[in-house]
1. Any chance you could give the angle, 0 to 90 degrees and rounded to 10, that helix 159-172 forms with the longest Cα principal axis of the chain?
2. Tell me which residues come under 5 Å, amide H to amide H, from Asp158 once H is placed; ignore anything under 5 positions away on its chain.
3. If you line up the Cα atoms of the stretch 364-442 on their principal axes, what length do they span on each, largest first, in Å?
4. So which residue, out of Asn339, Asn147, Asn286, gets the largest mean-square fluctuation from a GNM of the chain using Cα contacts under 10 Å as springs?
5. Can you check what the Kirkwood hydrodynamic radius comes to for the stretch 135-334, Cα pairs only, in Å to one decimal?
6. Can you show me the helix-derived [θ] at 222 nm for the chain, built from DSSP H runs with n ≥ 4 at -39,500 (n - 2.57) apiece and divided by the number of residues, rounded to the nearest 500.
7. Name the residue, out of Gln195, Gln104, Gln368, whose mean-square fluctuation peaks in a Gaussian network model built on the chain with Cα pairs under 10 Å.
8. For the stretch 340-345, what does the Karplus curve 6.51 cos²θ - 1.76 cosθ + 1.60, with θ = phi - 60°, yield as ³J(HN,Hα) per residue in whole Hz, taken in order and with x for Gly and Pro?
Amino acid sequence: MMARKNVFLVVWIFALCLAGDAGAQGPDISKPVDDKMQAEIIDSVTAALSEVYVFPDVAKQMERFIRKQYKQKVYQEITDMSAFAAKLTEDLRSISHDRHLGVQYVPDEYFARLAADTLTDSARAAELAETQDDNFGWRELKWLPGNIGYVKFNQFADSKNAGGTAIAAMNFLAYCDAIIFDLRENGGGSPSMIQLISSYFFDESVHLNSFYIRKEDTIQQFWTQEYVQGPRMSDVEVFVLTSSYTFSGAEEFTYNMKNMKRGTIIGETTGGGAHPVTRRGFPNLNLGISLPFGRAINPISGTNWEGTGVEPDIAVPAAEALDVAVIETAKALLAKTDNEERKFQFGWIIAGKEAVRNPLRMTPEELQPFVGTYGPRAITLENGELYYQREDRPKYRLIPMGNDTFMLDGLDYFRLQFGRDETGAMTELIGLYDNGQKDGNPKDK
């Protein structure tokens, strides 16, 4: 989550690690470091912390600790700059527990590109093109059965560049009855994108978050926008998927929606990084610092998620979060409708996802009675599983749902139900459709 930019660091910021892993190092890129340089680095790092770090008392504790480590020659055997930066990061975090805080080796070429006469318009355009090639982190956008929207993006890119992509996504989803935001692989980003996306879900401007800036002793507020391009979705059900990787700006969006009771959070407790961060570079030392300079203040809770993360409303492993979200979304929409066709559709969705989440195990002996030919439809038992095929069409594996009903793996709109006689023998095969229609064939003699 970056609330402001340091012009001196616009380029090499991309060499530093993603939020939550600011101390990681690049592969085999470093230079030697000796005792004297270690002392200079410690002086520079502690001066920056003293000047800017969000908690002055913690900055002093970190300084005392790494100076003690140096004095006790803990760093003496470290002769590689990247390894030393990684160790400093480890030691600083052992005191602050701040995953936004980190030190990293930065090669000369990154600093050279920052010189005023080399940071040209073409260089800036090349950097923008690189982020465009990544689609600003946007990954998936689709419509799901039940008129449920799904969107996955892995960063909150600055709206100055990525706003058009976000607006297009929001307009694609505009007429969905519910939206699932998948932030399980989102490591954070810019408050401007949080503002933009959040603005679609409120009719009036609302206070989202504030940052206390320690150095200036000021507070910067963030509100939803008065105007958005396209329809607002203030009555749309919102679900947010999280994982332990979800971090920083992605946590802010999650925390905001949870505290405003505007969304249901499903998944894992998030990473726990609430501090806005800037970057500071020291070209003479080939050093860069990821430096938290403030703290978030939620207008409802009066605090933030630093160190604790955002707890989900429904806790499930991240890998299961989407299936659970679809179930919960369908339940929420089912409760809101009086339309019988819609009720049937949501019931269909819920039953299907529940069958996937809680699979019914059946032995080959239990499956054998279903085998046979039912007019143009054939049921076979292969390697302990049932398969369905209609004439020369594709073959589908069957997933038991109970009550002699089966889903087709890879075909959501169609299911099969078997009919029995009074002795329990199979007599017919009925095709069930998600629109409520049915068709059947008797079992061949």
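Only the coordinates and a few stated rules stand behind these numbers; no lab work does. Predicted model only: the values in this text are computed from it and were never measured. Every residue, glycine as well, gets a Cβ built from its backbone with ideal geometry; the counts of neighbours run over all protein chains shown.
1. For 159-172 against the chain, the angle is about 10 degrees.
2. Ser190
3. 31, 28, 24
4. Result for the chain, Cα springs under 10 Å: Asn339 fluctuates most.
5. In the stretch 135-334 this quantity evaluates to 17.2 Å.
6. Dividing the helical sum by the residues of the chain leaves -10000 deg cm²/dmol.
7. Top of the fluctuation ranking is Gln368.
8. 5, 5, 5, 4, 4, 4
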